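Read through the structure below, which is laid out as structure tokens, and then see the notes.
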Amino acid sequence: SSEECIMAGEFQNQHPNHTKLSPDGIFGSKFVTVVASGDENNQIHFEGYQVSNQCMALVRDDCLVPTKDAPELGYIKESTPEQYVPDVFYKEKDSYGNLVTLLARPLPVEYLLVQVTTGFPVDPVSTFNIRVNKPFPIENRADIGDIQDFGQLTAYMQQFPEYRLLEAMSDMHFLIYLATMDMLPLKEHMDPLLEGVREQNAETVQHWSKTDQWATVEQLIAAHAPSPPVDGGPPVAGPSFPTGGAAGVWTCQHCTFINQPHNASCEICNLPRS
């Protein structure tokens, strides 16, 4: 649509392509828009495009606006006392096959697009190449039973000894949960961790694990993890608190907050009920 082209033009103007081969040192942009969709074989399909240099210039000079009723058409603004806008023209064939020149009011957006080839490497190298029996759940899949919560975090981390901390952190979905979890969001403190994961530097990740923020997470993991069996008996989940009360309310065994019966996790600490 014309609005998408204008947005792409804005981003491309923010990320110019610097080159010695251009008289002014800049030609085009490094920014590419990629659309992920499905194909006729039910496989993931990618298409990439940029807007042309002419579209970038029109967007930069605030000459191109979207139309109200036809998303596939843009519109070149008319001159005003505050802004002079030169006339813009495009060519197309009429019903008789003749090439005619038309004023770009309106302007079909296909004249502004440049196709970009997309593909994948034969031997891809991935930063997130985690291989465990139980990977961390993917976000936004609660409707199919994949729920991200602190219980899942505990179960995930228990698969890794301390020397495999870098491998544990090399899971994109796990990192997203650390950054956004309600109980203790770590987004503001994760830059060293992300740098260590990007460079696959175990020493950097180990150094980050000594921070107060991760120490708090480790204490919560230890509190939530099942206690080791005693004399061959079954594992014990830890200290318990009365769960009865009015209308079936239950008390969190970690922070003692009294929750409503329909809550599967605590409203305060976000830890699971059991």
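The values are calculated or read from the model by the stated rules, or taken from the named source; none is laboratory data. Since the structure is predicted, the reported quantities are computational estimates derived from the model, not experimental observations. All Cβ positions, glycine included, derive from the backbone under ideal geometry; neighbour counts span all protein chains shown. Heads up: the accessible areas ignore ligands, DNA and RNA and are worked out on the full protein's heavy atoms, side chains in. Shrake-Rupley method; radii C 1.70, N 1.55, O 1.52, S 1.80 Å.
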For this session: Return one whole number: the accessible area per residue of the chain in Å², for a 1.4 Å probe.
Result: 66 Å²
For this session: Kindly provide log₁₀ I(q)/I(0) values, in the same order as q = 0.18, 0.19, 0.28, 0.29 Å⁻¹, from the Debye equation applied to equal alpha-carbon scatterers of the range 77-127.
Result: -0.77, -0.81, -1.09, -1.11
Problem set entry | the range 180-225 - Debye-derived log10 I(q)/I(0), Cα point model, q = 0.15, 0.19, 0.29 Å⁻¹ | -0.41, -0.63, -1.06
For this session: Determine the shape class of the range 1-156: with a ≥ b ≥ c the square roots of the Cα gyration tensor eigenvalues, call it rounded for a/c under 1.5, and otherwise prolate if a/b is greater than b/c, oblate otherwise.
Result: prolate
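Between Y163 and N201, what is the FRET efficiency for a Förster distance of 22 Å, r being their Cβ-Cβ separation, to the nearest 0.05?
0.95
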Seminar exercise, completed: note: the range 64-153, Cα-Cα separations exceeding 19 Å make up a percent value of 69 percent
For this session: Please give the length that would be gained between V65 and E110 if that part of the chain were fully extended, namely 0.36 nm times their separation in residues minus their C-alpha to C-alpha distance (nm, one decimal).
Result: 14.7 nm
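As an exercise, use a Förster radius of 30 Å and the Cβ-Cβ distance of Q43 and A179 to find the FRET efficiency, rounded to the nearest 0.05.
So, using R0 = 30 Å, E works out to roughly 0.45.
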Seminar exercise, completed: With a 1.4 angstrom probe the carbon and sulfur portion of accessible area for the chain, in percent, totals 54 percent
Exercise. Hey, what do the phi angles of the range 185-190 turn into as Karplus ³J(HN,Hα) couplings, whole Hz, using 6.51/-1.76/1.60 and θ = phi - 60°, x for Gly and Pro?
Worked result: x, 10, 3, 6, 10, 9
Exercise. Once you put a point 7 Å from the Cα of E82 and another 7 Å from the Cα of E139, both along the Cβ direction, what distance in nm separates them?
Worked result: 3.9 nm
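Relative contact order of the chain, please, whole-number percent, based on alpha carbon pairs below 8 angstrom and at least 6 residues apart.
Numbers: 364 pairs, mean separation 28.8, N = 274.
Relative contact order of the chain: 11 percent.
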For this session: Compute the Rg/Rh shape ratio of the chain: radius of gyration over Kirkwood radius, all on alpha-carbon atoms.
Result: 1.15
Problem set entry | Interchain or long-range residues, amide H under 5 Å from L271's placed H | C266
